[in-house]
Amino acid sequence: MKLRKVSVAIATGLTLSLTLAACGGDSGSDSGGGKDKITVGIKFDQPGLGLKTPEGKYTGFDVDVATYVAKELGYEAKDIVWKQAPSAERENLIRNGDVDFVAATYTINDKRKAEVDFAGPYFLAHQDLLVRTDETGITKPEDLNSKKLCSVTGSTSAQNVKEKLAPKADLQEFGGYSECLTGLENKAVDALTTDDSILAGFAAQKEHQGKFKLAGLKMSDEPYGIGLKKGDKELRDKINKALEKMQSDGSWEKFVSANFGPANYKNDPAPKITETS
Ligand code: GLU
């Protein structure tokens, strides 16, 4: 999908400028072959949303949404190159052209819209807390002001805590979620905060069963969008069309029950597409 301009010097000293189709990504299998691939940024560590399994498979709601969108853009599943898009890296990956689009629990907001464009939203989550099953001292956001809290760098969740929810909380930020889960289990932290959709997936993981619970506080709205390069109106319009079709043909419902059903997550209805200009 990405076009890269390269200069080729030939023996005569003449320099030819050629435009070649070239693709980046993790697999390396597509490099230089001129075959059309699409590179998509997802999370690798969020069960139910974006997960790279030990067998090297990609699963989750965002993976299903991205696969559907890619298909509508003309790419089969085998032509997708999945690239890890940690929260703090998403804008960079898009800006640098390392990915064609991002589907990674990516909340649409004005700060991010100054750097990238969004299609969607295609899902509405809410910020919540994951605490140990026996926790009784955290029932409202203000309780966090005297607690140790964990979140992920570059996420809206960390920002919300610092700016409004509990400015006095002892907030520890990591690059991914596994550090927070370990900390919660061994009592280095008292709560992990991010979207309820993500937390439900962690709570339902086999190795965590019975250990954690969601507090059930809807502390914010987190509308997920597909992030893409700023100004690429054509791509945004195509993705919005794909997202609309995904809802109207029943695929959205199918992806929701397949991915959130096992975690018993009660999701909001499909949101209206609003990122149109
Ligand atoms: N949806 C929130 C965000 O975009 C939190 C989850 C995440 O970090 O991906 O920041």
Please find, in a Gaussian network model of the chain (springs between Cα atoms separated by less than 10 Å), the residue of G56, G225, G154 whose mean-square fluctuation is greatest.
-> G56
Evaluate the distance, in nm, between pseudo-label points positioned 7 Å from the Cα of T133 and of N92 along their respective Cα→Cβ axes.
-> 3.9
In which sequence would T39, T136 go, from the one with the fewest C-beta neighbours within 10 Å to the one with the most?
-> T136, T39
Which of Y75, Y122 comes first, and how do the rest follow, when ranked by fewest Cβ neighbours within 10 Å?
-> Y75, Y122
Approximate spin-label separation E185-D110, in nm, with each point projected 7 Å along Cα-to-Cβ = 4.1
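Restricting the count to DSSP beta bridges whose residues both fall in the chain, what percent are antiparallel, rounded to a multiple of 5?
If I count the DSSP bridges inside the chain, around 65 percent turn out antiparallel.
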Ranked list, fewest to most other Cβ atoms within 10 Å of each Cβ, for D128, D98 = D98, D128
Could you work out the relative contact order of the chain, using alpha carbon pairs under 8 angstrom and six or more residues apart, expressed as a whole percent?
-> 23
Ordered by number, the trypsin sites (Lys or Arg not before Pro) in the range 128-183 that occupy a DSSP loop and have at most 16 other Cβ atoms within 10 Å are K168
Considering only Cα-Cα distances, which of the following residue pairs are longer than 25 Å: K52/K148; K218/K272; K148/K218?
-> K52/K148
Extension gain, E142 back to E234 (0.36 nm per residue minus Cα-Cα distance, nm) | 28.7 nm
Rough spin-label spacing in nm, given labels placed 7 Å along Cα→Cβ, for T53 and K168 = 4.7
Separation of alpha-carbon centers, the range 144-173 and the range 83-141, rounded to whole Å | 15
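Rule-based calculations on the coordinates, nothing more; no lab input. Computed from a predicted model, the values in this text were never measured in an experiment. With ideal geometry, Cβ positions are generated from the backbone for all residues, glycine too; neighbour counts draw on all protein chains shown.
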